[in-house]
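Some notes on the structure that comes next.
Laboratory data are not the source of any read-out in this text; all were calculated from the coordinates shown. Just so it is clear, the structure is predicted and the values come from calculations on it, not from any experiment. Using ideal geometry, Cβ is built from the backbone for each residue, glycine included, and neighbour counts are taken over all protein chains shown.
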Amino acid sequence: MSAARAIGLLLGVLADGAIGDPRRAQPSTRFAALSRAVESRVYADHPLPGALHTAGLAGAAVLAGVATERFGRRGPVLQATGTAVVTWTVLGGARLAAQGTELARELETGDLDGARHTLSGLDQRRTAGLEVIGLSRASVETVAEHTSDVVVAPLLWGAIAGAPGLLGSRAITILARGAGRRVPRYRRFGWCAARLDEFVNLLPTRAAAALTVAAAPVVGGSASAAWRAWRRDTLAHPSPNEGRVEAAFAGALEVRLGGRTVYEHGVEELPVLGDGRNPDTGHVTRAVELSRVVGWLAGLSSAVLALLVGLRRRRRS
């Protein structure tokens with residue numbers, strides 16, 4: 001069964017790259033809409049309703065994955081097919097590449113209003129007033145962060161736990177981006193989603209940073225600078241996860257990220273990541289290319305990890 005899971009993960013990555021998101025019903029968008037609908041009914045400025053909201057929706061996603069795994073026990077072909085379909089539906093690599101490419105095109109053509117609008121759909125920072133340098137910096141950071149969240153994290157948990165890991169990790173990320181936002185309304189209600197997201201992404205963010213180091217030379221970047229920025233510049237970051245992949249991207253592309261960032265809830269002075277020059281529109285394009293390479297490496301790594309996990313279980317049994 002471990003081989004079937006590995007094959008399913010690879011097929012799902014290939015489907016995401018070749019086909020992209022499901023056209024008629026993007027599962028992540030529908031899940032986010034469901035989360036908002038449930039939130040409108042249970043919201044209260046207290047951690048308990050937020051914990052129930054998170055547990056209920058994330059638990060439902062995990063149960064759907066359990067059902068998929070049980071169906072796959074009927075045979076390796078069914079397991080590979082089920083894993084492939086789930087992997088395809090949760091991965092966001094193709095969509096991220098398209099949005100990153102759109103950002104790069106808007107910046108290159110001087111359509112700053114369009115770039116601000118596209119970026120606001122991906123990131124929670126305030127984009128009004130950002131000019132080319134600020135938009136380029138935010139775009140590279142966002143591509144790096146989403147590479148970890150919507151590509152590496154689902155694949156890593158998929159390799160470890162199969163369909164429940166794929167669906168559960170993606171659901172938690174979506175919940176954290178909604179109910180886990182750092183604004184007064186969600187400070188207490190979103191506490192559980194934010195903490196759970198931190199836990200779930202402890203390994204994926206570091207795996208994504210390591211893959212970024214490995215992928216840097218493929219896009220003409222510096223592996224040594226990526227490693228140095230990752231290990232050096234994230235020590236001062238207040239979050240256990242945030243900044244890891246951004247720092248690796250900064251080093252790989254030899255640019256400087258981080259610093260003063262304006263959010264809806266206020267201004268944050270984040271650590272400076274990397275020691276290169278300010279990013280420009282060309283670096284956004286290279287960030288998208290780097291994200292693609294990291295995604296392919298994550299697919300291969302997840303397949304190998306799935307095989308290793310399966311072999312270890314066999315030895316124990």
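When the residues of region 72-94 are filtered to those that are β-branched (Val, Ile, Thr) and under 18 Å from Ile19 (Cα atoms), which remaining residue is nearest to the chain's Cα centre (by Cα)? Spell out the reasoning first.
Filtering region 72-94 for residues β-branched (Val, Ile, Thr) gives 77, 81, 83, 85-87, 89-90.
Next, only the ones that are under 18 Å from Ile19 (Cα atoms) stay: 81, 83, 85-87, 89-90.
Details: Thr81: 23, Thr83: 19, Val85: 19, Val86: 16, Thr87: 14, Thr89: 14, Val90: 11 Å.
Step by step, filter region 72-94, then rank; the result is Val90.
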Original post:
Mind checking whether some residue in region 137-154 is touching a residue at least 60 places away in the same chain (Cβ under 8 Å), in contact with a Pro (Cβ under 9 Å, 6 or more places away or on another chain) and over 30 Å from Asp275 (Cα atoms)?
Top reply: yes
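Before we move on, is Ala303 assigned to a loop (DSSP other than H, G, I, E, B) and on the phi < 0 side of the Ramachandran plot? Reasoning before the result, please.
On the way: assigned to a loop (DSSP other than H, G, I, E, B): no; on the phi < 0 side of the Ramachandran plot: yes.
When the stated conditions are applied, Ala303 does not pass them.
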Subject >> Test result for Gly129, of a type in the set (Gly, Ala, Ser) and either closer than 22 Å to Trp157 by Cα or in contact with a Lys or Arg (Cβ under 7 Å, 6 or more places away or on another chain) (or both) >> reply: no
Original post:
What number of residues within region 38-51 are under 12 Å from Leu175 (Cα atoms) and either in contact (Cβ under 8 Å) with a residue 40 or more places away in the chain or not β-branched (Val, Ile, Thr) (or both)?
Top reply: 3
**OP:** Among the residues of region 176-189, write down those that are more than 19 Å from the chain's Cα centre (by Cα) and either of a type in the set (D, E, K, R) or surrounded by 18 or more Cβ atoms within 10 Å (Cβ to Cβ) (or both).
**Re:** Arg185, Tyr186, Arg187, Arg188, Phe189
Subject >> Of the criteria (1) outside any strand (DSSP E or B); (2) surrounded by 17 or more Cβ atoms within 10 Å (Cβ to Cβ); (3) polar (S, T, N, Q), which one Thr261 fails >> reply: (1)
